[in-house]
Amino acid sequence: MTVLRLILALALLAPLAVPAAPGRRPAAAKASGQAARRRSPYVGALCADAATGRVLFTDNADAEAYPASVTKLMTLFLVLEDVRAGRYGLDSRAVATPDVNLCEASWIGIRAGESMTVRDLCTALMVESANDAAIVLAVNAAGSFDGFVARMNARAADLGMARTRYYNPNGLPPNAAKRYPWSEFNISTCRDQAKLARELVLKYPQLLKYTSQKTWTMPDGQTILNHNNVMRTDKLKIVNPDGTEAVDGLKTGYIDAGGSSVVLTGKRGPNRAIVIVLGSASAKLRDTHARALMSDALSSL
């Protein structure tokens, strides 16, 4: 696969960390005293066959990175597990507690005392990457913020995600003003995220209803755009021979200290691939390499 070999060569030629770019969102603030985990073109990358788990390409797949909003895949996973177990339904309403104030943009602006359906919160989580939706879902699921984070780490251990550690359900960095109760970055690797992504697409394919939405009209009438450029942007789309679009998820992420990350999934005929790129120095690099990996993976399956 010539493109994959080219990507590997580029990665080897540029292994040094690059300076953090100016913050593009309020959530991008870099915590003081923390080493940046962003590189050009990325910290690590991996692509795999979703059905079998067979790795098709790997480059620093065990390198630790800051997953940022990719974290929300574990949050959604636990919510879907709860729904399947009958603990609550997608049409159940979750009430925001004061914990919702432990976030910043991206968000939908839900306030303590307000409520939304679990379905709408899950959509906001995947399309808008809403940090406040993640907190509402977490507290609704576990009864407390800390209880949900404990569940996240326990489930990660169950899945063999040995290098992953969660401190919050949305991927926000530590706050220098000590506004947040966590003092560490969420940490993960490409290999660990591949394990989670396979569990999601194989056991809960209904999540693609959320992750594949290019736009979503919120209950208040506001329309928001999906952050997944490979799926949404014409110049990056992957079109299958039958005319269908291949990519239908999963999640992007960005914080200044950790750069730009993405977990992609796409389908061609009966075959599905998973691509993870963590810690790119820019969204453009992330999207370029993730798209090339997905295109080659789908062509090889």
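The values are calculated or read from the model by the stated rules, or taken from the named source; none is laboratory data. Model, not experiment: these values are computed from the prediction. Neighbour counts are summed over all protein chains in view; Cβ atoms, including those assigned to glycine, are modelled from backbone coordinates with ideal geometry.
At a glance:
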quantity	calculated
Residues of the stretch 187-221 classified as modelled with pLDDT of 95 or more, in a loop (DSSP other than H, G, I, E, B) and touching a strand residue (DSSP E or B) at 6+ places or on another chain (Cβ under 7 Å), total	1
Conditions (1) at pLDDT 95 or above; (2) in contact with a Ser or Thr (Cβ under 9 Å, 6 or more places away or on another chain); (3) assigned to a helix (DSSP H, G or I): number failed by A27	(1)
Residue tally, condition charged (D, E, K, R), surrounded by 14 or more Cβ atoms within 10 Å (Cβ to Cβ) and in a loop (DSSP other than H, G, I, E, B), over the stretch 82-113	1
Residue among I255, I274 that is surrounded by 21 or more Cβ atoms within 10 Å (Cβ to Cβ), in contact (Cβ under 8 Å) with a residue 12 or more places away in the chain and out of contact with any strand residue (DSSP E or B) (no Cβ under 6 Å at 6 or more places or on another chain)	I255
Positions within the stretch 212-226 being crowded, with 17+ Cβ neighbours inside 10 Å and of a type in the set (A, V, I, L, M, F, W, C), in sequence order	W216, M218, I224
Neighbours by Cβ (under 7 Å, 6+ apart or cross-chain): first from the stretch 130-141, touching a residue at least 60 places away in the same chain (Cβ under 8 Å); second in a helix (DSSP H, G or I) and of a type in the set (S, T, N, Q)	A134/T75; L137/T75; A138/T75
Selected residue (criterion: surrounded by the fewest Cβ atoms within 10 Å (Cβ to Cβ)) from residues of the stretch 57-72 that are charged (D, E, K, R) and closer than 25 Å to L298 by Cβ	D62
Sole residue being without any contact (Cβ under 8 Å) to a residue 40 or more places away in the chain, under 27 Å from M161 (Cβ atoms) and not hydrophobic (A, V, I, L, M, F, W, C), chosen from R54, R87, R111, R93	R54
Of residues in the stretch 222-251 being touching a Lys or Arg at 6+ places or on another chain (Cβ under 8 Å) and either acidic (D, E) or in a strand (DSSP E or B) (or both), the one nearest to M74 (Cα to Cα)	K251
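Results for (1) within 14 Å of the chain's Cα centre (by Cα); (2) in a helix (DSSP H, G or I), shown as yes or no for each residue.
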{"site": "T123", "(1), (2)": "yes, yes"}
{"site": "V139", "(1), (2)": "no, yes"}
{"site": "G147", "(1), (2)": "no, yes"}
{"site": "A150", "(1), (2)": "no, yes"}
{"site": "L172", "(1), (2)": "yes, no"}
{"site": "W182", "(1), (2)": "no, no"}
